[in-house]
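Everything on this sheet refers to the single structure shown next.
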Amino acid sequence: MSDVIVAGVGMIPFAKPGASAPYHVMGTEATRLALTDAGLDYDAVQQAYVGYVYGDSTCGQRALYHVGMTGIPIVNVNNNCSTGSTALFLARQMIASGALDCVLAVGFEQMKPGALGSVYTDRPSAFEEFDEAANQLIDAPGIPLALRYFGGAGLSHMKKYGTPLDAFAKVRAKASRHAKNNPLAIFRKEVTADDVMNDQVIWPGVMTRLMACPPTCGGAAAVLVSERFADKHGIGKTVRIKAQTMTTDTPSTFNAHDMMQVVGYDMARDAAKQVYESAGVGPKDLDVVELHDCFAHNELITYEALGLCGEGEAAKFINDGDNTYGGRIVTNPSGGLLSKGHPLGATGLAQCYELTRQLRGTAGPTQVEGAKTALQHNLGLGGACVVTLYQKH
């Protein structure tokens, strides 16, 4: 498979539920921004993959028909929180295989306030086995399941390695410091680790409110092209996807009897390993990472899953400042899901937006100086994990 060029990216400011435009307007706007960034008309797009979680079938057509009605295949994608990067994964495959030369990936989400829950209550949930595992491993009645999943994973790390609760608070504080420089982030107020620790307790000894990301609305998009298409149309080839993989759960998810595995630790580790081997690089070669920090707890355990530090070393990695500017690897310069927001279908493409700008050197106040190699990690519980490695050409 050949390299794939990220020709254009677009993202709209994220917003609280009830404060955004309707889903199709957000998708349309993000798509137009990406096309403008690429210097292309919609007529050049040969195929589109559109990601969203909460919506009826063919919402992708509803959004893209306002950009153009060219008769191209439009594929609607739903893979939980990894939906946006799954759309990107499918778009990249079409280019890398040589089947197509110009493909659009777009994601959006119009969410409701409050904890996530099932929409269809008249049939078995896709999370039944995950819920059962969480119930067996975690005694936390009254705690919403998403919090129980990821808080439970953090609790597992705390018990294994003696990780203090304030390590998660420091992750959230770091996210706020980064987000204050991102005009597209939903929460731009800087908070300290003490602020996080003193916020509303939602699980004693495990989590405060600020350690969790909120439901968010938004949209983002990317235009991917082949090298020959870029040459023909005079498109810059600065940012390339060098390697990408998607993993799903293996027996260890349940057999390990560990909440870290239930929430996808092994999926992330395996995906990262495959990407590093394919690209011929390692974690020490990375300059910037956008990873799936739906909870501060998941950011911390993902440092280790991606090999940014050794197992059990995440708290030291944080304390040493190796996860921020001036440290080893800047993680979530956008502010991440914790501060930027997490509209499920848009998240993976918003990560692509940030990393593309980082490698172009156009990220403005969030810029990581000299960034040449970037990694994207997007996790969908129950489950898929997509890891993408970008390089500056």
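Does anyone have the angle between helix 296-305 and the longest principal axis of the chain? Alpha-carbon axes, 0 to 90°, nearest 10? For helix 296-305, the angle is close to 70 degrees.
Within the same chain, aspartates and glutamates fewer than 8 places from residue 112 are excluded, and of the rest, those with a Cα less than 19 Å from its Cα are 56. Surface composition of the chain: carbon and sulfur atoms hold 49% of the protein heavy-atom accessible area at a 1.4 Å probe. Taking other residues whose beta carbon is less than 12 angstrom from the beta carbon of residue 27, and scoring Lys, Arg as +1 and Asp, Glu as -1, yields 0. Share of pairwise Cα-Cα distances greater than 15 Å in the stretch 193-279 is 76 percent (whole percent). The local environment of residue 302, defined by Cβ-Cβ distances under 10 Å, has a net charge of -2 under the rule Lys, Arg +1 and Asp, Glu -1.
Could you tell me how many degrees, from 0 to 90 and to the nearest 10, lie between the Cα long axis of helix 128-137 and the main elongation axis, the longest principal axis, of the Cα atoms of the chain? Taking Cα atoms only, the helix is inclined about 30 degrees. Across the stretch 224-379, C-alpha contacts under 8 Å between residues 6 or more apart give a mean separation that, scaled by the residue count, equals a relative contact order of 25 percent.
Using the Karplus relation 6.51 cos²θ - 1.76 cosθ + 1.60 with θ = phi - 60°, the per-residue 3J(HN,Hα) values for the stretch 103-109 come to 9, 9, 10, 9, x, 8, 7 Hz, with x marking Gly and Pro.
Of the residues 166, 287, 266, the one that moves most in a GNM of the chain with alpha-carbon contacts below 10 Å is 166.
Among the listed options (1) 20.5; (2) 31.0; (3) 17.5, the one matching mean projected area of the Cα convex hull in nm² as calculated from these coordinates is (3). Build a GNM of the chain with springs between Cα atoms under 10 Å: which of 380, 55, 264 gets the top mean-square fluctuation? With Cα springs under 10 Å in the chain, the top fluctuation among 380, 55, 264 is at 55.
In the context of the full set of protein chains, the stretch 92-156 has a per residue accessible area of 51 Å² (1.4 Å probe).
I want to verify a result. In a Gaussian network model of the chain, Cα cutoff 10 Å, which of these has the top mean-square fluctuation: 278, 176, 20? Highest fluctuation of the listed residues: 278.
Residue 203 sits among other residues whose Cβ lies under 11 Å from its own Cβ, and their net charge, with Lys and Arg +1 and Asp and Glu -1, is +2. Among the lysines, which fall within straight-line cross-link reach of residue 174, defined as a Cα-Cα distance under 25 Å, with same-chain neighbours fewer than 8 residues apart omitted? Qualifying lysines at Cα under 25 Å: 16, 159, 160, 189, 284, 316, 340, 372. Volume per residue of the convex hull around the Cα atoms, evaluated for the stretch 39-186, comes out as 198 Å³. Amide hydrogen proximity for residue 216: with H placed 1.01 Å from N in the peptide plane, the residues at 5 or more positions away or on another chain lying under 5 Å are 342, 344. Here the 3J(HN,Hα) profile of the stretch 7-19, calculated from phi with Karplus coefficients 6.51, -1.76 and 1.60 at θ = phi - 60°, is 7, x, 9, x, 8, 9, x, 6, 9, 6, x, x, 10 Hz, Gly and Pro shown as x.
Residues in the stretch 376-381 carry Karplus couplings, in order, of 10, 10, 9, 10, x, 4 Hz; the curve used is 6.51 cos²θ - 1.76 cosθ + 1.60 with θ = phi - 60°, and Gly or Pro positions show x. In the stretch 1-87, Cα pairs under 8 Å separated by at least six residues give a relative contact order of 30 percent. Computed over the chain, the per-residue total of -39500 (n - 2.57) for DSSP H runs of n ≥ 4 gives a 222 nm mean residue ellipticity of -11500 deg cm²/dmol, rounded to 500.
The values are calculated or read from the model by the stated rules, or taken from the named source; none is laboratory data. Bear in mind the structure is a predicted one, so any value in this text is a computation, not a measurement. All Cβ positions, glycine included, derive from the backbone under ideal geometry; neighbour counts span all protein chains shown. Only protein heavy atoms, including side chains, enter the accessible area calculation; ligands, DNA and RNA are left aside. Shrake-Rupley method; radii C 1.70, N 1.55, O 1.52, S 1.80 Å.
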